[in-house]
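I have placed the structure first, in the form of structure tokens, so that the comments after it can refer back to it.
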Amino acid sequence: MKKRQFIKDILLTSMAAPIGLTGLAQSFKSKEAVPALDLAKDEDFWTSIRNQYILKPDYINLENGFYNFLPQPLLNKFIEHIKEINVQGSYYMRTVQGDNKKKVAARLAALAGCSADELIITRNTTESLDLVIGGLDWKPGDEAIMALQDYGAMLDMFEQVKNRYGVVNVKVSVPNHPANDEEVVSLYANAITPKTKVILVSHMINISGHILPIRKICDMAHAKGVQVIVDGAHAFAHIKYQISDLGCDYYAASLHKWLSTPLGAGLLYVNKNNVAKLWPLLADGEKQLDKINRLNHIGTHPVHTDLTINDSIDYFEMIGAERKEARMRFLQNYWTSKVRNNPKILLNTPADPARSCGIANVGVEGITPADLATRLMKEFKIFTVAIDYANIRGCRITPNLYTTTAELDIFVNALNKLSNNA
């Protein structure tokens, strides 16, 4: 069988008729007695989940980190919401829009592990973090600590407050393979001075999948009088945790990543003690400074996306946080364990299971990241994204729940072939 046809045969298994959210709930309920680690390895079960997606047969998609698109049952719900809002028009917008959004936000807060008066729905992580970074009361000479590996848009925002307010940006570099948590915590601790106002830290570094010890960093920072902003874009609905357990001051995430909402949904958590201290991104009529809704004025926006967050939470809760994390970690370990001993293949993600989950970054000696991404797509029909900065040179690999071990075997074979010919 030709390679291209084999790939298409694998991907076309996704064309089975969706069974709907009720059917999915029954599928997961039938496995409730199966330990998460055992279910993670059950390819037949996860193929039934794969069948709820419509996948392009032209390539294997290993770049789900940018946008985890919706399975058909959620897409159908989204379309229903669009139609309903379109029918009701201004009546919906002027009557129940606000109340419905508050209800969804409250449910999202319960899932995230914080109180409803500490969380708002935004459009993405960038908006959430920009609101905090740009909304702090900066003074000339204030210092902010961040990592070279942090998301570029956040570094750009800190550059803007530097140019606007005279903030001093202190950048550290997180090692790809730290010996222990203390090495990472000390990296941030050693950068703190009496002028340090805030630390930005990634819960899961977007370009490598490296999970950082957030609670330890927060405890250390607070002991020195420094606040902590956490970029949780790739951690939320990917690994199991509660914001309340992290001890951070601010937390942001994009829901269109691992919660699989439509594009244009994010969250921002602000510890209730800090709400009154922030300037909103856009001015709001709310005069009570301690009300978090005053930070959430964005004008007219696609409210059908807000409604679909509720359906995405239903879907996530059917899966279960523990089962999802187990499956994502299994998929990453499945392929990385097959190439870690190849001296020409470079893994930029820690081997320690506690320091990563579904995301990993891989390079091939003698091949630039850009060329690696191009060759994977051109020669093997595997779609990835090249990363070439901040001591991370390779392709970011982000499978999804629908990814099969057969697809990962094709990827491993491609890496081995490329490394042998490099």
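Can you name the residue in region 181-236 that is more than 23 Å from N361 (Cα to Cα) and part of a strand (DSSP E or B) and, of all such residues, is farthest from the chain's Cα centre (by Cα)?
T196
Name the single residue that is modelled with the highest pLDDT among those in region 1-17 being of a type outside the set (V, I, T) and surrounded by 18 or more Cβ atoms within 10 Å (Cβ to Cβ).
L11
Yes or no: R50 surrounded by 14 or more Cβ atoms within 10 Å (Cβ to Cβ) and not assigned by TED's automatic domain parsing to the domain that holds V185?
yes
Of K240, K257, K272, K224, which residue is among the basic types (K, R), out of contact with any Asp or Glu (no Cβ under 7 Å at 6 or more places or on another chain) and more than 21 Å from Y151 (Cα to Cα)?
K224
Scan region 36-78 for residues that are touching a strand residue (DSSP E or B) at 6+ places or on another chain (Cβ under 8 Å) and in a loop (DSSP other than H, G, I, E, B) and jot them down.
Within region 36-78, L55, Y59, L62, N64, G65, F66 qualify.
Right, S260: crowded, with 23+ Cβ neighbours inside 10 Å and part of a loop (DSSP other than H, G, I, E, B) or not?
So S260 passes the test.
Going through region 275-290 one residue at a time, which ones are surrounded by fewer than 18 Cβ atoms within 10 Å (Cβ to Cβ) and in contact (Cβ under 8 Å) with a residue 40 or more places away in the chain?
Those that are surrounded by fewer than 18 Cβ atoms within 10 Å (Cβ to Cβ) and in contact (Cβ under 8 Å) with a residue 40 or more places away in the chain: K277, W279, P280.
Give all pairs with beta carbons closer than 7 Å in which a residue from region 55-79 that is over 26 Å from T22 (Cβ atoms) meets a residue that is hydroxyl-bearing (S, T, Y); count only pairs at least 6 apart in sequence or on separate chains.
L62/T384; L62/T398; E63/T384; E63/T398; G65/T398
At least 3 residues that are within 19 Å of the chain's Cα centre (by Cα) and at pLDDT 95 or above in each: list the strands (runs of 3 or more DSSP E) lying fully within region 91-177 that qualify.
119-122
Here is a check on your reading of the model: is K240 out of contact with any strand residue (DSSP E or B) (no Cβ under 8 Å at 6 or more places or on another chain), basic (K, R), at negative phi and free of Cβ contacts under 8 Å to residues at least 40 places away in the same chain?
Here the answer is no, as K240 does not meet what is asked.
Please identify the pairs in which a residue from region 83-111 that is aromatic (F, W, Y) has its Cβ atom under 7 Å from the Cβ atom of a residue that is surrounded by 11 or more Cβ atoms within 10 Å (Cβ to Cβ), counting only partners at least 6 apart or on another chain.
Going by the 7 Å Cβ cut-off, the qualifying pairs are Y92/I85.
Only one of A112, A33, A105, A40 is assigned by TED's automatic domain parsing to the domain that holds E407 and buried (at least 16 other Cβ atoms within 10 Å of the Cβ); which?
A40
Restricting attention to region 174-196, does a residue exist that is among the hydrophobic types (A, V, I, L, M, F, W, C), without any contact (Cβ under 8 Å) to a residue 24 or more places away in the chain and surrounded by fewer than 18 Cβ atoms within 10 Å (Cβ to Cβ)?
yes
The values are calculated or read from the model by the stated rules, or taken from the named source; none is laboratory data. What you are looking at is a predicted structure, and each value in this text was computed from that prediction instead of being measured. Counting neighbours? That spans all protein chains shown, and the Cβs are built from the backbone with ideal geometry, glycine included.
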